[in-house]
1. Going through region 115-149 one residue at a time, which ones are surrounded by 11 or more Cβ atoms within 10 Å (Cβ to Cβ) and among the hydroxyl-bearing types (Ser, Thr, Tyr)?
2. Do we find that residue 114 is more than 24 Å from residue 197 (Cβ to Cβ), among the small types (Gly, Ala, Ser) and outside any helix (DSSP H, G or I) in this structure?
3. Restricting attention to region 190-222, which residues are touching a Lys or Arg at 6+ places or on another chain (Cβ under 9 Å) and either among the aliphatic types (A, V, I, L, M) or within 15 Å of residue 162 (Cβ to Cβ) (or both)?
4. Would you confirm whether any residue within region 317-324 is among the β-branched types (Val, Ile, Thr), assigned to a helix (DSSP H, G or I) and surrounded by fewer than 16 Cβ atoms within 10 Å (Cβ to Cβ)?
5. Before we move on, is residue 30 part of a helix (DSSP H, G or I), in contact (Cβ under 8 Å) with a residue 40 or more places away in the chain and not aromatic (Phe, Trp, Tyr)?
6. Note down all Cβ pairs under 6 Å where the first residue falls in region 182-209 and is buried (at least 16 other Cβ atoms within 10 Å of the Cβ), the second is part of a loop (DSSP other than H, G, I, E, B) and not acidic (Asp, Glu), and they're at least six residues apart or on different chains.
7. Test residue 66 against the criterion of being under 24 Å from residue 308 (Cα atoms) and at pLDDT 85 or above, and give yes or no.
8. Only one of 318, 283, 307, 330 is farther than 23 Å from residue 16 by Cα and in the same structural domain as residue 63 (by TED's automatic domain parsing); which?
Amino acid sequence: MKITDRTILKEFIKFTILALICLVALYLIIDLFEELSYFTRRKVEFAKVLLYYFFLTPQAVTLLLPVSLILASFLVYGMMTRQRELYAYMSSGINVYRLFLPILSVAVISIFASFLHRELVEIPFSVKLSDLKQYQIESRSRPDQLKRRNVYYIGETGMVYYIREYEASGILRNFYVLELDQNRMPVRRIDAVEAVFKDDIWQARDVYVREFLEQEEKLSHYDSLILSEIKEKPDDFLTEARKIEEISTRTLYRYLKRMKRAGEKVNKEDVEFNFRFSDSFIGLIVILLALPLSTRLRRGGVMLGLGLGLLFSFLYWGMIQVTKAFGYIGALTPVLSAWLPNIIFALVALFFWLRLKR
């Protein structure tokens with residue numbers, strides 16, 4: 001069986017890579033035709049166009065890897081069924097589940113590989129792609145990393161900051177800090193002309209502190225005051241706003257904690273965070289779906305298998321978009337929104353596995 005396992009595994013990996021290369025190339029060519037006017041209008045150099053699609057490739061790999069896996073499954077076992085190799089193994093007493101074992105091991109590995117690919121390759125490349133579009137192709141000016149204006153920030157403890165002027169050396173000018181309770185009602189507001197980060201703490205001057213009590217508002221003025229309530233460091237206020245797909249999972253998790261503590265609605269971000277994990281299981285589920293179906297293919301079955309693979313892939317992708325949309329508006333919980341397509345297609349796969357002839 002070791003020789004058989006190696007043969008099946010070799011063929012599966014070969015067809016997966018071949019399908020992935022073809023699908024990614026087709027995806028990039030279609031995107032090039034769609035973006036051709038974008039490049040020509042801005043007179044983009046050929047080298048930058050190549051760099052653009054180099055940075056776009058990891059996104060295409062993430063999107064099309066499940067399609068490649070399901071196509072490879074149909075090709076490998078579909079050809080074995082058509083050439084009656086599968087029946088020869090089964091008639092010699094080998095369980096069909098045992099023949100699926102090499103591919104199932106790849107499917108399990110794909111869970112971790114998919115997640116690591118997103119974190120280590122896709123997200124950094126997405127950042128580079130965004131910077132290339134904004135600052136080189138569209139010639140936008142880069143934000144000043146040493147000074148920023150009109151900074152709105154929500155801290156780790158849920159405090160809300162508005163800073164008119166900020167310097168990376170650790171100076172806040174004309175700012176206020178608003179502390180909220182669990183019901184998002186203001187408890188205290190601190191206004192100051194300036195604060196300097198020194199000795200690991202913020203020291204402010206010309207400070208007004210408003211405390212919102214049950215029956216009245218208390219106002220206090222200080223020529224200088226140590227703001228021990230502010231836990232943020234200077235670098236925290238320099239964080240550049242990025243799209244969700246350009247943020248690592250760890251950073252997105254910290255952002256969600258801050259926003260939820262401040263009482264902000266973060267349905268979209270929460271759905272995308274949960275999808276980071278559910279997306280890693282898509283490869284496993286499509287393989288579980290393809291394996292029992294591939295043994296039913298007869299004459300002309302390989303082409304039928306390819307058609308079924310594309311059909312299931314589009315249905316899967318479409319359901320993901322639908323459940324995401326319901327999650328964004330709050331009709332589904334973020335966890336259910338991200339995992340519901342996996343659950344549905346896993347149940348469909350289970351149905352076919354129960355009907356599989358051993």
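1. Passing the criteria: 126, 130, 135.
2. On the way: more than 24 Å from residue 197 (Cβ to Cβ): yes; among the small types (Gly, Ala, Ser): yes; outside any helix (DSSP H, G or I): no.
The answer is no for residue 114.
3. Filtering region 190-222 down to residues touching a Lys or Arg at 6+ places or on another chain (Cβ under 9 Å) leaves 190-197, 200, 208-212, 217-220, 222.
Correct list: 190, 191, 192, 193, 194, 195, 196, 208, 209, 210, 219.
4. First, the residues of region 317-324 that are among the β-branched types (Val, Ile, Thr): 320, 322-323.
Subsequent filtering for residues that are assigned to a helix (DSSP H, G or I) retains 320, 322-323.
With the extra rule that they be surrounded by fewer than 16 Cβ atoms within 10 Å (Cβ to Cβ), the set shrinks to 322.
Looking through region 317-324, at least one residue is among the β-branched types (Val, Ile, Thr), assigned to a helix (DSSP H, G or I) and surrounded by fewer than 16 Cβ atoms within 10 Å (Cβ to Cβ).
5. Values: part of a helix (DSSP H, G or I): yes; in contact (Cβ under 8 Å) with a residue 40 or more places away in the chain: no; not aromatic (Phe, Trp, Tyr): yes.
Taking the combined requirement at face value, the residue does not satisfy it.
6. 197/170; 202/230
7. Values: under 24 Å from residue 308 (Cα atoms): yes; at pLDDT 85 or above: yes.
For residue 66, the condition - under 24 Å from residue 308 (Cα atoms) and at pLDDT 85 or above - is met.
8. Details: 318 fails: farther than 23 Å from residue 16 by Cα; 283 fails: farther than 23 Å from residue 16 by Cα; 307 fails: farther than 23 Å from residue 16 by Cα.
When all the criteria are applied, what remains is 330.
The values are calculated or read from the model by the stated rules, or taken from the named source; none is laboratory data. Everything quoted here is computed from the prediction, not taken from an experiment. Note that each Cβ is placed from the backbone with ideal geometry, even for glycine, and that neighbours are counted across all protein chains shown.
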